[in-house]
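Step one of this worksheet: look at the structure below.
The values are calculated or read from the model by the stated rules, or taken from the named source; none is laboratory data. These numbers come from a predicted model, not from an experiment. As a convention, Cβ positions derive from the backbone with ideal geometry for all residues, glycine included, and neighbour counts pool all protein chains shown. For the accessible areas, the whole protein counts, side chains as well, though only heavy atoms, and no ligand, DNA or RNA atoms are used. Shrake-Rupley method; radii C 1.70, N 1.55, O 1.52, S 1.80 Å.
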Amino acid sequence: MKNKNMPSYIIAIILAVIFIYPLYILILIAFEPISLTFDRLYPYQLPFIFTLKNFEASIKDLSLIKPVIRSIIVAFTVGILAIALATPAGYGLNKLAARFSNKIIMLMFVVNMMPAIVIAIPISVYFIKVGLYNNIFGIALAQELVVLPISVFIMLGGFRALPQDIENQAMVDGASIFHSFRNVILPLIKIPLLISFLLAWMTSWDEFTYAVIISPVNPTFPVSLYDYVSRGEPFIASSFALLVTIPVIVIVVVLQKYLKGEYLSGGMKI
Amino acid sequence: MKYKLELVDLEKSFSNKKVLDKLNLKVIDGEFLVVLGPSGEGKSTLLRTIVGIENLDSGKIIVNGTDVTFKPPNKRNIAMVFQNYALYPNMTAYENIAFPLKMARTDRNSIRSKVDQVAKLLNIEPQLNINVTRLSGGQQQRVAIARALVRDPALFLLDEPLSNLDARVRYTSRQELKRLQKELSHTFVYVTHDQVEASNLADRVAVLHNGVIEQIGPYNELYEKPNTQWVGDFIGTYPMNFIPGDLMGYPDSTIGFRTRWVSEGNDITAKVTLIENSEGNYFVHCKTGDSDIVIRTDTKYNVDDTISFGLERFNIYKNGVLEEIKSGNSVASSGINDVDN
């Protein structure tokens, strides 16, 4: 069989195995009896016995339910806030000449180049003052820092991809600014909106640094998961970890179709 | 005379470059006015300022007797067809055409009847329920025109609507556009750089140069009596020939003549440099003194032949401006018609 793509397929398969292997270990730990995994020096790599005991235990132990609910609220807040802020920002930046808007976008990304810990501590000090410490909306606001630049970047790309005169045409056709946005622009930026929402959602879902510093007492899920692992209860933790990985896998599968780079390039010609 | 559109002293500049420089123009009710100019002379800017999506530096825009200078585009009662049609890609042809009516809060039944009517007029009934992105270029252009026609505005602005079409479709669309405009007796302002479109479509042609209307009138008048040397050079497939006035006994001036204004004679002697064969005629490029000229002949000359010919008629320019028109061998000078505005 002659296939020019053969080497790239082989590389893809190797990479996939490397990335999927930890997930496989997670599944093994979640569904195998403890005696076959953690109690052995060399755990079996192939499943021998299937058990739901770990799952039962983790669901019975309700202390992880609350962090999951917290995480869900935080993730949705971050996602909604991201599109609520990034849509007008992208719209406005698109009206500027590209040489200005590109510089502003660059400036926004500079914030992300600093280590999160450097920013998280002053923020938490301020949040104590204004009552956002140990508060899920405090976490959401801090995590917004991480996701907003990329959301604005994606939205700007979406607006740049719009046909040039479409908004002008809507105005000429008698639409007010509100109507032209509602009836003409919005339907055309659905995909960038969806992508920035989901990316923000996913980033928040497994964000750790801001979460642990801003809200150590009422932790989000990744933080309490860490607690469980460090306390030596990895079986319950891995069952739960698997449960929360599922929505992320679903999102990635849904996103795959759109993650082709055209939206992530911010409409810039490279 | 009733004017649909009056432009008074329009001024507009982009970063120190003056695009419109005290431009004045009056468009008569029901006429097809073509604004002709080379690329980059601000033709599109002119339309965009008229419709209101580009701000003016100073000047006045009057539509149907009402000053609309400070009104937003949606309050000006002007329809515009953009060069790339700017169709709403998420909608069907029907929804595109219905959009202006929907914005004007027309009721559902009269929207349907109006859209059907205009679709019939433009022969796009079968395509009404198809998404516009799946239509051909010609069909998209019809939808864009239908969307403009459906509102019955005071004025139609068209920004090179045929430039994205291939030659055959462009030819038929041109005929159709002209027919539509006459049938509905709408006022069209049409921007193009294409001389053929201008000569075929226009009741009057306005030549835009250096931010002002350099000359306005029927295409033939522009062709035969260009007010300035620049217009003579710009109008026509071949630019007007210009030779020093001394050759014909008019010192300190320039003689301008068209390729076909030549006759037997020996006013001018020239050396042939190139011959073009075009639809049964020969266009002979030759050099007399320092001037390159082109004349149309039936005889096939050879390169490097020396030919001499006379002039049936010619225009005399002084400092680039038309001074006198000489026709025939008699020295009858016809007064230059000072066209209104």
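Key figures for this structure:
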quantity: Where a residue in region A:115-138 is more than 17 Å from A:Ser204 (Cβ to Cβ) and its partner, wherever it lies, is open to solvent by 50 Å² or more (accessible area, probe 1.4 Å) and basic (Lys, Arg), with Cβ under 6 Å and at least six apart; calculated: none
quantity: Test: residue in region A:79-101 that is over 30 Å from A:Pro187 (Cα atoms) and of a type in the set (A, V, I, L, M); calculated: no
quantity: Subset of region A:144-175 [within 14 Å of chain B (Cβ to nearest Cβ) and open to solvent by 10 Å² or more (accessible area, probe 1.4 Å)]; calculated: A:Ala161, A:Leu162, A:Pro163, A:Gln164, A:Asp165, A:Glu167, A:Asn168, A:Met171, A:Gly174
quantity: Any hit, region A:37-46, residues being among the hydroxyl-bearing types (Ser, Thr, Tyr), out of contact with any Leu (no Cβ under 8 Å at 6 or more places or on another chain) and open to solvent by 90 Å² or more (accessible area, probe 1.4 Å); calculated: yes
quantity: Region B:123-137, residues that are surrounded by fewer than 18 Cβ atoms within 10 Å (Cβ to Cβ) and more than 13 Å from chain A (Cβ to nearest Cβ); calculated: B:Asn123, B:Glu125, B:Pro126, B:Asn129, B:Ile130, B:Arg134, B:Ser136, B:Gly137
quantity: Among (1) away from chain A (no Cβ under 12 Å); (2) of a type in the set (Gly, Ala, Ser); (3) open to solvent by 20 Å² or more (accessible area, probe 1.4 Å) - the single one B:Ala93 does not satisfy; calculated: (3)
quantity: Condition met for B:Pro226 (open to solvent by less than 40 Å² (accessible area, probe 1.4 Å) and within 14 Å of chain A (Cβ to nearest Cβ)); calculated: no
quantity: From the options A:Val254, A:Val229, A:Val184, residue that is within 14 Å of chain B (Cβ to nearest Cβ) and of a type in the set (A, V, I, L, M); calculated: A:Val184
quantity: The listed residue being open to solvent by 60 Å² or more (accessible area, probe 1.4 Å) and closer than 30 Å to B:Gly65 by Cα, out of B:Lys120, B:Lys114; calculated: B:Lys114
quantity: Which numbered condition B:Gln140 misses (of (1) within 28 Å of B:Ile28 (Cα to Cα); (2) buried (at least 16 other Cβ atoms within 10 Å of the Cβ)); calculated: (1)
quantity: Residue ranges of helices (runs of 4 or more DSSP H) in region A:59-132 with at least 1 members open to solvent by 70 Å² or more (accessible area, probe 1.4 Å) and closer than 28 Å to A:Pro234 by Cα; calculated: A:65-95, A:116-130
quantity: Leading residue by the ranking (nearest to the other protein chains (Cβ to nearest Cβ)) among those in region A:190-218 that are surrounded by fewer than 23 Cβ atoms within 10 Å (Cβ to Cβ) and in a loop (DSSP other than H, G, I, E, B); calculated: A:Asp206
quantity: Within region B:32-63, tally of residues that are crowded, with 18+ Cβ neighbours inside 10 Å, more than 9 Å from chain A (Cβ to nearest Cβ) and under 27 Å from B:Glu176 (Cβ atoms); calculated: 12
quantity: Looking only at region B:148-179, and only at residues there that are in contact (Cβ under 8 Å) with a residue 60 or more places away in the chain and part of a helix (DSSP H, G or I), the one that is farthest from B:Glu41 (Cα to Cα); calculated: B:Leu149
quantity: Every residue from region B:64-74 that is touching a residue at least 24 places away in the same chain (Cβ under 8 Å) and within 11 Å of chain A (Cβ to nearest Cβ); calculated: B:Asn74
quantity: Scope region B:96-111; condition open to solvent by 60 Å² or more (accessible area, probe 1.4 Å) and either of a type in the set (Val, Ile, Thr) or within 10 Å of chain A (Cβ to nearest Cβ) (or both); matching residues; calculated: B:Lys102, B:Ala104, B:Arg105
quantity: Tabulated pairs, region A:189-210, first farther than 23 Å from A:Ile119 by Cβ, second assigned to a helix (DSSP H, G or I) and open to solvent by less than 10 Å² (accessible area, probe 1.4 Å), C-beta under 6 angstrom, 6+ apart or interchain; calculated: A:Ile189/A:Gly158; A:Pro192/A:Ile154; A:Pro192/A:Met155; A:Pro192/A:Gly158; A:Ile195/A:Ile154; A:Phe197/A:Gly79; A:Leu198/A:Leu255
quantity: Selected residue [more than 7 Å from chain A (Cβ to nearest Cβ), touching a Pro at 6+ places or on another chain (Cβ under 9 Å), polar (S, T, N, Q) and open to solvent by 60 Å² or more (accessible area, probe 1.4 Å)] from B:Asn84, B:Asn77; calculated: B:Asn77
quantity: Criterion: assigned by TED's automatic domain parsing to the domain that holds B:Asn131 and within 17 Å of B:Phe156 (Cα to Cα) - qualifying residue of B:Pro73, B:Pro89; calculated: B:Pro73
quantity: Condition met for B:Leu158 (within 14 Å of another protein chain (Cβ to nearest Cβ), farther than 19 Å from B:Asn90 by Cα, open to solvent by less than 10 Å² (accessible area, probe 1.4 Å) and of a type in the set (A, V, I, L, M)); calculated: yes
quantity: Filter result for B:Arg170 (more than 22 Å from B:Ser327 (Cβ to Cβ) and surrounded by fewer than 18 Cβ atoms within 10 Å (Cβ to Cβ)); calculated: no
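So that you can scan it fast, the table gives a plain yes or no per residue for (1) within 29 Å of B:Ser185 (Cα to Cα); (2) basic (Lys, Arg); (3) not in a helix (DSSP H, G or I):
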position: B:Asn200; (1), (2), (3): yes, no, no
position: B:Ala206; (1), (2), (3): yes, no, yes
position: B:Glu214; (1), (2), (3): yes, no, yes
position: B:Asn220; (1), (2), (3): yes, no, no
position: B:Trp230; (1), (2), (3): no, no, no
position: B:Gly236; (1), (2), (3): yes, no, yes
position: B:Pro239; (1), (2), (3): no, no, yes
position: B:Asp246; (1), (2), (3): no, no, no
